[in-house]
Every structure is written in C-alpha cells, then in structure tokens.
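Everything on this sheet refers to the single structure shown next.
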Amino acid sequence: MANQNINRREFIKLAAVGVAVAAGTRAVSPTKASSGAPKGKHQWAMVIDQSKCTGCEYCTRACQAHNDINPEIQWNKVVADGTVGDMQVYVPRPCMHCEKAPCVDVCPVKASYYRDDGIVMMDYDRCIGCRYCQIACPYEARSFNWEKFEGENPMVPQWGTPEVERRPRGVPEKCSFCYQTIDRGLSLGKTPGVDPEATPACVNICPTGARIFGDLNDPESAASKALHNHSAYRLRESLGTGPRVYYIPAVAPEEA
C-alpha cells in the first residue's frame, strides 16, 4: 500500500506537469542539489518518455540478465499507476543516481559512493549490510539480498548475458546505470546513449524507445536534447536529492 500511495502522489504531479507540456514550457524545477563530490567530464542521465512506455518490462528482464540478479529482486521496477485519457501510464523506477544521494550520506562505511560521472555506486565488499542506505532512499531503489543467489538465472540467455559478478548474501543491491557497459564502451571509443555497446541494457532493449540516455555535459547528447525539447520532471525533487532520472510526462494520443 505504501508503494501505491507514493506513486499516486507522483502521478498527481505528473498530471500537473502535463499542463505545462500543453503550454510548451519547461517543467524541470530549477532546484539545485550538490553533494560536493568531484565532477568529471561526463554527467550521465536517463530520460524516460512516459507516452512511449507500455509497461512491457523488457527493461526489467534485460537488467536481471545483464546484472545477474536474483529473480526475487528487481533493480528496475515498472509501476502502473493512473491513466491519461484512455492510456495507462507507467512509472519505471531505476536508481535515480541522485546528485545529493541520501544513501551515500548515511552509509557508515562509505560502501555507497559517487563516481565523478554522477553514477552512485556500491562497494559490495565493503558493505556491512546495515541497510541504512535502503531505509534512507526515498525512491525504494534498493533491495536487500537475503539469500545467496545460486543456480541458473531464468533471464539468461534470452534477455542477455551476465556482465558483473553476483553480489554476496546480506547486501542491498541497486541499479548502476550498467557502469560496466559505459566504461567498456568508452574505452572502445563508443558513445553511451548512441552506441549499444556503451549504453545501459534497459535503454538498448526498450522496443518503443521510451528510455533515452546521455551526457548532460554534452548539449548534443540524446538526453540533453530530450530535456531541451520537452517538459520534464523528477520524482520527489523537492527533497533536494537532484535525481538524474527525468520523466517526460504522458500526453493523451489526441493531445500529442
């Protein structure tokens, strides 16, 4: 029930933002958030177009496969909540990779930390399983690994092949923007958000192009252009977390 309440509140905000879309204005709040962590050349972000998301959960399955996730855990949730006209609206919720992340602030052993490209990471070897980060996260983006994941992954190989090691029992797991793919792609001269070899699995697999990825420091990136051309909002932005996942609110087909 708590999840449903959160999503309803966000959907009300989504509907309000839809008015701004119709008016042709930008709805991204100017609220600033900063952790004080060093900023590098790239600042990765994801944009999700809710008019295009059909709730197919291909993103969830690809994430499960590429990150070799326990079937009982989801790093990439897709929640159905509300309608716009006759269209069902979905709210995909990966980790928001906040610029000022509560999970990083509360970790007593610095197992949660920032990369200089904005990705919020977990050092699973350092983690002591206190779950402070899971409790602090306002987006419910972390899932605790209660049991050691052994045996076959039912999402492999249909939805992808594992690219990272399985996490040990007793740690909170979360989306990493497929950092391993980004890093490998960059080393090969590929561009995240353009070349599949450098782009997160959930973006690559989306059959409708609802997910857009790119570098906010590059005005020519797909993410920057999407935010320039559309109104967008971020979940619970008033908390000052500075999420790096943006949503283009759904517009009924007759209004598009």
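The values are calculated or read from the model by the stated rules, or taken from the named source; none is laboratory data. Please read all numbers here as calculations on a predicted model, not as lab measurements. Backbone-built Cβ (ideal geometry, glycine too); neighbour counts: all protein chains shown. Accessible surface areas use protein heavy atoms only, side chains included; no ligands, DNA or RNA. Shrake-Rupley method; radii C 1.70, N 1.55, O 1.52, S 1.80 Å.
What to note about this one:
- Filtered residue count, the stretch 203-225, keeping only those that are of a type in the set (A, V, I, L, M, F, W, C), out of contact with any Lys or Arg (no Cβ under 6 Å at 6 or more places or on another chain), closer than 18 Å to GLN43 by Cα and open to solvent by 10 Å² or more (accessible area, probe 1.4 Å): 3
- Qualifying residue in the stretch 150-172 (condition: outside any loop (DSSP other than H, G, I, E, B) and within 14 Å of the chain's Cα centre (by Cα)): no
- Complete set of residues in the stretch 50-93 that are in contact with a helix residue (DSSP H, G or I) (Cβ under 8 Å, 6 or more places away or on another chain), assigned to a strand (DSSP E or B), of a type outside the set (Val, Ile, Thr) and open to solvent by 10 Å² or more (accessible area, probe 1.4 Å): LYS77, ASP81, GLY82
- Test: GLY193 is open to solvent by less than 60 Å² (accessible area, probe 1.4 Å), at positive phi and touching a residue at least 60 places away in the same chain (Cβ under 8 Å): no
- Answer from LEU188, LEU235 - the residue that is among the hydrophobic types (A, V, I, L, M, F, W, C) and surrounded by fewer than 20 Cβ atoms within 10 Å (Cβ to Cβ): LEU188
- Some residue of the stretch 96-103 being farther than 18 Å from SER34 by Cβ and either surrounded by 15 or more Cβ atoms within 10 Å (Cβ to Cβ) or touching a residue at least 40 places away in the same chain (Cβ under 8 Å) (or both): no
- Against the test of being open to solvent by 50 Å² or more (accessible area, probe 1.4 Å), in a loop (DSSP other than H, G, I, E, B) and free of Cβ contacts under 8 Å to residues at least 24 places away in the same chain, the options LYS41, LYS110 yield a single qualifying residue, LYS110.
- Qualifying residue in the stretch 157-176 (condition: farther than 30 Å from ASP105 by Cα and touching a Cys at 6+ places or on another chain (Cβ under 9 Å)): yes
- Every residue from the stretch 128-149 that is part of a loop (DSSP other than H, G, I, E, B) and open to solvent by 30 Å² or more (accessible area, probe 1.4 Å): ILE128, CYS130, ARG131, GLU140, TRP146, GLU147, LYS148
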